[in-house]
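Student: Encoded as structure tokens, here's the structure I'll be asking about.
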Amino acid sequence: APLAELSGDQDFQLFLHKNLEFTRKIKGDVAALQRVVCDTFQLCKEEELLLVQQDLRITQVALEHCHRPSFQAEACFSQIRNGLHAYHSSLAAVLELLPSHAGLVETLQLDAANLSSNIQQQMEDLGLDTVTFPAEGRGPLPAFSSRFQHQVGGFLILANFQRFLETAYRALRHLAR
Amino acid sequence: LLLLRLGGTLGCASVDVGSPVVLLGSAVTASCSVRSRLCRGLEGGRVRISWMLDNETVAGSQCCGTGDTEVSNLTLPQFNRMQAKLWCWVEWNGTKQRVGLAEIRAGYPPAKPSNLSCLLNLSDYGLTCRWEPGADSHLPTSVALKCSTSRAPAVTGCTPQGGRSHCTVPRRLLQLYRQMEIWVAASNALGTAESERLRIDPMDVAQLDPPALRSIQSVPPQTDCVALAWAVAPSSAHMELRCELRYRPPEDPAWALVTGIVGQAGTAQCCGLLFGTRYLFQMRCRRHSARGHWSEWSAARNHTTHEK
Amino acid sequence: LLLLRLGGTLGCASVDVGSPVVLLGSAVTASCSVRSRLCRGLEGGRVRISWMLDNETVAGSQCCGTGDTEVSNLTLPQFNRMQAKLWCWVEWNGTKQRVGLAEIRAGYPPAKPSNLSCLLNLSDYGLTCRWEPGADSHLPTSVALKCSTSRAPAVTGCTPQGGRSHCTVPRRLLQLYRQMEIWVAASNALGTAESERLRIDPMDVAQLDPPALRSIQSVPPQTDCVALAWAVAPSSAHMELRCELRYRPPEDPAWALVTGIVGQAGTAQCCGLLFGTRYLFQMRCRRHSARGHWSEWSAARNHTTHEK
């Protein structure tokens, strides 16, 4: 049955409530890292980096099925998983940037992988098709041409990840009772 | 899918400084070059460059770049911060945009380390050396304890952790019973420094464990003598030791001292004591070659001599 | 020069036992075979074999070996030692020679571990599990905490150190917010045992840090009410919490209790208090899903209400 109909299903609701809390946790950890980047590199406001951002050509993760009017739960779940997988890889650039906060960044990567497999598990329990991403190997790191670009890249990855999580959170909350 | 596809170019702006590490108080010059053709959104427009040192505006002089490159030069006559970020900004659509950064550090070359001394621990044969690091250079400085023997090139014996000024050379890097050269080497972006070289045989700086006084008995018939028995520490059982005995009544501040006792003997007599008096006894030893340090005094042992 | 030039053959004697590890109290059979041709000095002579269990002589029965091999068989009806060395001796030139050895251990299969419980530490997200190991098997026993999720094969989460019966599964081996199976697996030479399987979501056994009472103020005009403000622990800021408040005058043994307080609210009113009375206040929280453990009570905070 399409996900929306399952909104009344108790297991599905338990899944939603658990992973709403999980998403709040991840958002809190991303915010903590954003504070570290601000304190360490004096990069705190996105509006000061619009020009350089064009230079870095940051690509956004597609989440259109998690927004009205084209909200579609199953497709939204897949897009959330795609995004979590992409951010898991991109966080490697943040790991390089903040070696003294490796623990927090690695926790974020673990949490992103866990949230993704929680969603996959739930989709499979509901008999939906899912993609299994390769083990969370480290993809090729972007070669930043300067420390400044690397710092701005790290800032933007975290800012985009925070926005991504906000959208995912609202989608889960939309389904939760 | 990688979220970050880089422009593949050098980016539309760059900040160059004479050197990222300077002597504290010296001048710093920097230039910010903005290639408007590469900055999407800046094409052809008037480029106004400005500077900030951390959160403070500083004035640069923007003049004639070449072709589509605008350049602003900046001189900070006396750079007195340990560390600062020099930001290059550009005005764009009524906003100020950060387009370039140079991170500058200032400090001094490393001071010459001094007062190098070492002690060999006889339980693990690690050689622990300590030194005075001298004035702080305020710069990341790598410090290493170097050792060499006449037949082998210098190696790093150990590196102090967490900014400390001591570390321990493991047994496998030591040459026992032979002269070694040991010194401290420090280096940072502004220079290097070395301590005086210590020429020692690690065994000559062995920190001996104290002997243990086993028994003290009055020696009839001359009751003004006592016979002492002791055991040298197992870790120095193979060494020729010379020991010292000191004794005094508890209330007496001054110790009487007996020197030149052969460590391995294990027993000795001590005469000239008062009758019916309680005495405290302690012993310490060092290697006969008179090099190296005394052990600590043994645990005190007391004994009361016979009444007359 | 190898000091120990081994014969390169099987040696002139060997001791075989049924099993080097047996159930405590069970029988042990052993045989000692002496190939006199291979024992230099024993050639052709009459071989008299004898046995010792550690330092105790035990009687074997020597009988007809094949060719130049003499064999003695031994049965120990009830082996009641945890550990023993079974020596085979041969008489040679009027002396007794040790020619063979078997080391025997005895004990029990591992007991079934029980009372498995786990707590998740919210500072490092390590899952610490404890269990009752059960009776000692007296044998080297490897114990591991196993965990698996529905989508992944069982892995060893952690192994207790130094014979303890607790260990901590690191965050990277956990699957948060989803059911996991956790159990203890023990194995030794005589068998294996597994505890009951715990099916838990690690988050449901999170050990919450207590909230912190920030302020307590009388609420004019009804002076029998106070307004409390608190902060939940940062480590549970993202959780939906239900909290409890307890308060009492210091001299009063019984606590009054207010339940069902929404953790995130951060403030609440508490009425029905006596005038001009000093009260102690404490608060604790747990996850709204009523799973998991209460936090400890917060540090106590006191407040004296208005006179009437």
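Laboratory data are not the source of any read-out in this text; all were calculated from the coordinates shown. All of these numbers come straight from a predicted model, not from anything done at the bench. In this analysis, Cβ positions are derived from the backbone assuming ideal geometry, glycine residues included, and neighbour counts consider all displayed protein chains.
Student: Taking the Cα centre as origin and putting +1 on Lys and Arg beta-carbons and -1 on Asp and Glu beta-carbons, what dipole magnitude results for chain C, to the nearest 20 debye?
Tutor: 480
Student: Give me the percent relative contact order of the range C:170-278, please, defined on Cα pairs under 8 angstrom at least 6 residues apart.
Tutor: 20
Student: Further question on the same structure: Once you average over the residues of A:16-22, how many Cβ atoms of partner chains fall within 10 Å of each Cβ?
Tutor: 5
Student: Additional query: Taking each residue in A:43-56, count the Cβ atoms of any other chain within 10 Å of its Cβ, then average. What number comes out?
Tutor: Mean number of neighbouring Cβ atoms from other chains: 6.
Student: A further question on this structure: Straight-line reach from C:LYS96: which aspartates and glutamates fall under 17 Å, measuring Cα to Cα and dropping same-chain residues less than 8 apart?
Tutor: Partners within reach: C:GLU43, C:ASP54, C:GLU56, C:GLU70.
Student: Listing C:VAL232, B:VAL58 from the residue with the fewest other Cβ atoms within 10 Å to the one with the most, what is the order?
Tutor: Going from sparsest to densest Cβ surroundings: B:VAL58, C:VAL232.
Student: Still on this model: Quick check on packing: order C:111-124, B:81-94 by the mean number of other C-beta atoms within 10 Å, highest mean leading.
Tutor: Ranking the peptides C:111-124, B:81-94 by packing returns B:81-94, C:111-124.
Student: Would you please classify the overall shape of the range B:79-163 from the alpha carbon gyration tensor, given that a ≥ b ≥ c denote the square roots of the eigenvalues, rounded means a/c under 1.5, and beyond that prolate means a/b larger than b/c while oblate covers the rest?
Tutor: Judged from the Cα gyration tensor, the range B:79-163 comes out prolate (a/c at least 1.5, a/b above b/c).
Student: Dimensions of the protein assembly as shown along principal axes (Cα, Å, largest first)?
Tutor: Between the extreme Cα coordinates on each principal axis of the protein assembly as shown lie 108, 81, 73 Å.
Student: Would you mind working out the magnitude of the charge dipole of the protein assembly as shown relative to its Cα centre, with +1 at each Lys and Arg C-beta and -1 at each Asp and Glu C-beta, to the nearest 20 Debye?
Tutor: Taking the Cα centre of the protein assembly as shown as origin, the dipole is about 1140 debye.
Student: For C:GLU307, put the label point 7 Å out on the Cα→Cβ axis and report which residues of the range C:250-288 keep their amide N under 20 Å from it.
Tutor: Of the residues in the range C:250-288, C:273-279 have backbone N under 20 Å from the label point off C:GLU307.
Student: Given a cut-off of 25 Å, name the pairs among B:LYS112/B:LYS146; B:LYS85/B:LYS112; C:LYS112/C:LYS146; A:LYS25/A:LYS45 whose C-alpha atoms lie farther apart than that in the structure shown.
Tutor: Violating the 25 Å Cα-Cα cut-off are B:LYS85/B:LYS112.
Student: Could you tell me what a quarter of the Cα convex hull surface of chain B works out to, in nm² with one decimal place?
Tutor: The number I arrive at for chain B is 27.6 nm².
Student: State to the nearest 20 debye the size of the charge dipole of the range C:49-144 about its Cα centre, where the only charges are +1 on K and R beta carbons and -1 on D and E beta carbons.
Tutor: Magnitude of the dipole: close to 180 debye.
Student: Averaged over its residues, how many other protein chain Cβ atoms are within 10 Å of peptide A:119-130's Cβ atoms?
Tutor: 1
Student: I would also like to ask the following. How would you rank B:LEU76, C:LEU38, going from fewest to most other Cβ atoms within 10 Å of each one's own Cβ?
Tutor: Neighbour counts put them in this order, fewest first: C:LEU38, B:LEU76.
Student: So, in Å, what gap is there between the alpha-carbon centers of the range C:210-241 and the range C:250-308?
Tutor: For the range C:210-241 versus the range C:250-308, the Cα centre distance is 8 Å.
Student: Further question on the same structure: GNM on chain A, C-alpha springs below 10 Å: top fluctuator among A:ALA143, A:ALA112, A:ALA86?
Tutor: A:ALA143
Student: Considering only B:THR159, B:VAL205, B:THR29, whose Cα is most displaced toward the positive end of the charge dipole of chain B, charges sitting on Cβ of Lys, Arg (+1) and Asp, Glu (-1)?
Tutor: B:THR159
Student: Give the residue from A:GLN72, A:GLY127, A:GLY154 lying farthest towards the positive end of the charge dipole for chain A; charges sit on Cβ (+1 for Lys and Arg, -1 for Asp and Glu) and the dipole is referred to the Cα centre.
Tutor: Positive-most Cα among the choices belongs to A:GLY154.
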